[in-house]
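Below is one structure; the comments refer to it alone.
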């Protein structure tokens, strides 16, 4: 690999060298010339970059089905929920999400995958500011919940919320109620959902503990992961 990577550096010094680690060595950095490590079809973990001579990026690589490429009789595809949750897991630790789609023999995207990506794209547009500009935060949330920070705002990503509605007709996935985050240093003035601008009740103490009253989704709505904008 020394010879190959050396040739790349000689011919294209600014090229990124990314080593596909495979399923068995997710997140490993196998050579000093590597610029980004991969978490092959697995959610990334935080990178410990202490002592590194350069910044090493990270990415999760995932096909929309269970293999790489298109197959006519493949009915096993990821859902919008799968992709949204994996995207959030990547943004939590500052990793990129590389999503593969296998075109048909005519070069077209399969109808299901096209619709899938468009729907996930709708969710991304709803939360574009924290997804594109947010940075991983030291603020700690419960279980899968996490925070991203921009220059002047904090965004809390809330998982596993329930839908508000009659218990006889609504599947209760749980989770509506207080969510507590530790390490919030700035004085909080407001908290609201990004999707509908609903103002949320919150409490903050001197130790940096912030508790937000996470209301459930309005009936007929479920964004999988819901985002609170904190100012």
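Just so it is clear, none of the values below were taken in a lab; they were calculated from the coordinates. Here the structure is a predicted model, which is why all the values come from computation and not from measurement. Methodologically, a virtual Cβ is constructed for each residue, glycine included, from the backbone with ideal geometry; neighbour enumeration extends over all protein chains shown.
Laid out as a table, the results:
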read-out: The chain - share of DSSP beta bridges that are antiparallel (%, nearest 5); value: 65 percent
read-out: Rounded to 10°, Cα long-axis angle of helix 80-92 versus longest principal axis of the chain; value: 80 degrees
read-out: Rounded to 10°, Cα long-axis angle of helix 111-126 versus longest principal axis of the chain; value: 60 degrees
read-out: Rg ratio (alpha-carbon, reference 2.2 N^0.38 Å) - region 2-126; value: 1.21
read-out: Theoretical ellipticity at 222 nm over the chain - DSSP helices of four or more residues, -39500 (n - 2.57) apiece, nearest 500; value: -6000 deg cm²/dmol
read-out: Stretchable slack from residue 111 to residue 188, in nm (0.36 nm times residue separation minus alpha-carbon distance); value: 23.2 nm
read-out: Cβ-based exposure ranking for 112, 5, in which fewest neighbours within 10 Å come first; value: 112, 5
read-out: Calculated P(r) of region 71-186 - Cα pairs past 19 Å, %; value: 59 percent
read-out: Cubic angstrom per residue, convex hull over Cα atoms of region 34-102; value: 77 Å³
read-out: Unit Cα scatterers, Debye sum, the chain: log10 I(q)/I(0) for q = 0.08 Å⁻¹; value: -0.38
read-out: Packing-based exposure ordering (other Cβ within 10 Å, fewest first) of 224, 101; value: 101, 224
read-out: Modelled FRET efficiency - R0 30 Å, residue 11 with residue 93, Cβ distances, 0.05 increments; value: 0.40
read-out: Dmax and Rg, reported as Rg then Dmax, of region 136-230 (C-alpha, Å); value: 13.3, 44
read-out: Between 0 and 90°, nearest 10: helix 2-11 axis offset from the chain longest Cα axis; value: 80 degrees
